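The values are calculated or read from the model by the stated rules, or taken from the named source; none is laboratory data. The structure displayed is predicted, hence computed values, not measured ones. Glycine also receives a Cβ, built like all others from the backbone with ideal geometry; neighbour counts cover every protein chain displayed. All accessible areas refer to the heavy atoms of the entire protein, side chains included, with ligands and DNA or RNA removed. Shrake-Rupley method; radii C 1.70, N 1.55, O 1.52, S 1.80 Å.
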Amino acid sequence: MKRLIPLTQALALALAFAFVPVLLSSSYAQADTHTDYSELFQHEASSAELTRLTTQLSPSAQAKGNFSQYRYLKVLKKPLVSQGEFVFAKDLGMIWQQNTPFASTLILKDKQLIQIDSQGNININNAEQAGSGNQMSELMPKLLNALLSGDIKQLEQHFTLSLQLAPNTEGQATQQWQLGLKPTDPLLEKAIPQMVLAGDEQIQTLVLFSRNGDRSRIEFSAIDEGPLTAADKQRFSPAPLPEVSPNAAPQIEGKQP
């Protein structure tokens with residue numbers, strides 16, 4: 001059975017996940033503590049604060065690693081947990097590959113969204129086929145480049161930004177921070193009305209909120225910001241499964257045709 005994400009939702013998720021590798025921390029985030037972010041979103045970021053944050057962050061043009069995602073649903077007492085790996089490159093795009101509890105892969109390339117289900121079936125959507133998702137497919141690369149270059153002005157064109165900077169303690173080189181993002185694009189806002197990034201020199205957690213009160217928290221480990229290998233780059237162009245002829249005779253083990 002295919003497990004393909006609707007195009008608009010997948011584009012929105014891809015945009016959110018694209019934020020992550022830019023500033024990733026190699027430390028593993030702690031369990032969800034049901035943090036209340038209402039105060040954060042009441043504090044609109046000033047230009048001076050955003051400039052200060054930009055100078056503290058260290059961007060990377062590529063990264064790969066593992067992730068654990070915890071989806072908290074209001075109807076369930078325990079979170080739904082999924083794990084997998086990601087690959088990101090500024091010039092290639094992003095791969096978000098879930099390995100458990102079932103396999104699925106989302107690949108975001110220039111004006112193209114590729115989904116691979118648990119059976120290896122590939123579904124490709126181009127911007128020209130995306131309909132209402134076309135605007136988002138054009139928007140995502142711009143936002144990704146804005147994050148990589150620290151272009152806060154570009155982000156401010158598409159998000160309402162809120163920021164809280166924790167006071168520096170004695171001997172602390174960098175500040176802890178929380179950045180709240182509320183999309184101004186109606187399509188993205190419908191799928192993910194709020195996002196929160198938190199960290200110090202690098203991002204440590206990413207929390208995504210839905211309209212019905214559910215939320216997802218993503219934690220990262222084994223981050224490698226070195227150059228991608230040839231095998232990593234090849235994953236951005238997955239090969240389709242070979243077609244099996246319906247008239248092909250089944251092979252019997254131990255006998256030659």
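For region 67-96, taking the residues that are polar (S, T, N, Q) and surrounded by fewer than 17 Cβ atoms within 10 Å (Cβ to Cβ), the one that is nearest to Val207 (Cα to Cα) is identified as Ser68.
Collect the residues in region 200-251 that are open to solvent by less than 70 Å² (accessible area, probe 1.4 Å), in a loop (DSSP other than H, G, I, E, B) and at pLDDT below 75, keeping them in residue-number order. Selection gives Gln202, Ser245, Ala248. Contact map, region 76-88: first residue within 30 Å of Lys233 (Cβ to Cβ) and part of a strand (DSSP E or B), second residue open to solvent by 80 Å² or more (accessible area, probe 1.4 Å) and at pLDDT 90 or above, Cβ cut-off under 7 Å, separation 6 or more or different chains; pairs are Ser82/Pro101. When region 47-75 is limited to residues that are assigned to a helix (DSSP H, G or I) and among the polar types (S, T, N, Q), the one that is modelled with the highest pLDDT turns out to be Ser47.
Does region 149-166 include one or more residues that are at pLDDT below 60, open to solvent by 20 Å² or more (accessible area, probe 1.4 Å) and either in contact with a helix residue (DSSP H, G or I) (Cβ under 6 Å, 6 or more places away or on another chain) or of a type in the set (Gly, Ala, Ser) (or both)? Steps first, please.
From region 149-166, those at pLDDT below 60 are 149-150; that's our starting set.
Now narrow it down to the ones that are open to solvent by 20 Å² or more (accessible area, probe 1.4 Å): 149-150.
Going one step further and asking which of them are either in contact with a helix residue (DSSP H, G or I) (Cβ under 6 Å, 6 or more places away or on another chain) or of a type in the set (Gly, Ala, Ser) (or both), we end up with 149-150.
There is at least one residue in region 149-166 that is at pLDDT below 60, open to solvent by 20 Å² or more (accessible area, probe 1.4 Å) and either in contact with a helix residue (DSSP H, G or I) (Cβ under 6 Å, 6 or more places away or on another chain) or of a type in the set (Gly, Ala, Ser) (or both).
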